[in-house]
1. For the chain, with all protein chains present and a 1.4 Å probe, just round the carbon and sulfur fraction of the accessible area to a whole percent.
2. Using the heavy atoms of the protein chains and a 1.4 angstrom probe, tell me the accessible area per residue for the chain in square angstrom.
3. To the nearest 20 Debye, how big is the dipole of the chain about its Cα centre, given +1 on the beta carbon of each Lys and Arg and -1 on that of each Asp and Glu?
4. Taking R0 as 22 Å, what's the FRET efficiency between Thr68 and Gln13 from their Cβ-Cβ distance, rounded to 0.05?
5. What does the charge add up to near Ala97, with Lys and Arg as +1, Asp and Glu as -1, over the other residues with Cβ less than 13 Å from its Cβ?
6. Among Ser21, Ser54, Ser84, which one shows the biggest mean-square fluctuation in a GNM of the chain, springs joining Cα atoms closer than 10 Å?
7. Can you tell me how the chain classifies by the Cα gyration tensor, rounded, prolate or oblate, using a/c under 1.5 as the rounded cut?
Amino acid sequence: QVQLVESGGGLVQPGGSLSLSCAASGIAVSRYSMEWYRQAPGNQRELVAFITTSDTTNYGTFVKGRFTIWRDNNKNTVYLRMNSLKPEDTAVYFCKAIAWPRTYWGQGTQVTVSS
């Protein structure tokens with residue numbers, strides 16, 4: 001059984017930082033493209049960042065150098081470091097693993113940016 005478990009969300013003040021984790025079981029993250037998405041209330045789910053099996057990374061245009069995605073194959077975990085957080089970053093953040101035709105999602109972790 002495949003599981004992706006996100007953690008690390010919480011409440012942070014504007015300008016603060018958080019590190020999210022996505023721990024995988026049942027798959028090897030090294031063999032999947034791993035992605036972070038987010039969804040704010042009333043909005044569509046949007047891509048935040050991804051890392052391919054060859055460690056190519058890319059980010060949503062709104063990230064503007066504030067976030068970093070990386071993978072630890074030994075821990076079978078993908079991370080998202082978020083700096084300079086803004087209130088508009090408030091959302092549920094989801095982890096996704098893709099190796100066509102297989103796709104798996106985590107259940108998400110809430111990030112709230114507020115003073």
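1. Working: 2830 of 6210 Å².
Carbon with sulfur: 46 percent of the solvent-accessible area.
2. On the way: 6210 Å² over 115 residues.
It amounts to 54 Å² per residue over the chain.
3. On the way: 11 positive and 7 negative charges, 22 e Å.
That gives the chain a dipole magnitude of about 100 debye.
4. Values: r = 20 Å, r/R0 = 0.91.
Computed FRET efficiency for Thr68 and Gln13: 0.65.
5. Values: positive: Arg31, Arg71, Lys96, Arg102; negative: Glu6, Glu35.
Charge balance near Ala97 sits at +2.
6. With Cα springs under 10 Å in the chain, the top fluctuation among Ser21, Ser54, Ser84 is at Ser54.
7. Values: a/c = 1.77, a/b = 1.66, b/c = 1.07.
In terms of gyration-tensor shape, prolate.
The values are calculated or read from the model by the stated rules, or taken from the named source; none is laboratory data. Because the structure is a prediction, the values reported are computed rather than measured. Every residue, glycine as well, gets a Cβ built from its backbone with ideal geometry; the counts of neighbours run over all protein chains shown. Note: accessible area is taken over every heavy atom of the protein model, side chains too, but ligands, DNA and RNA are not part of it. Shrake-Rupley method; radii C 1.70, N 1.55, O 1.52, S 1.80 Å.
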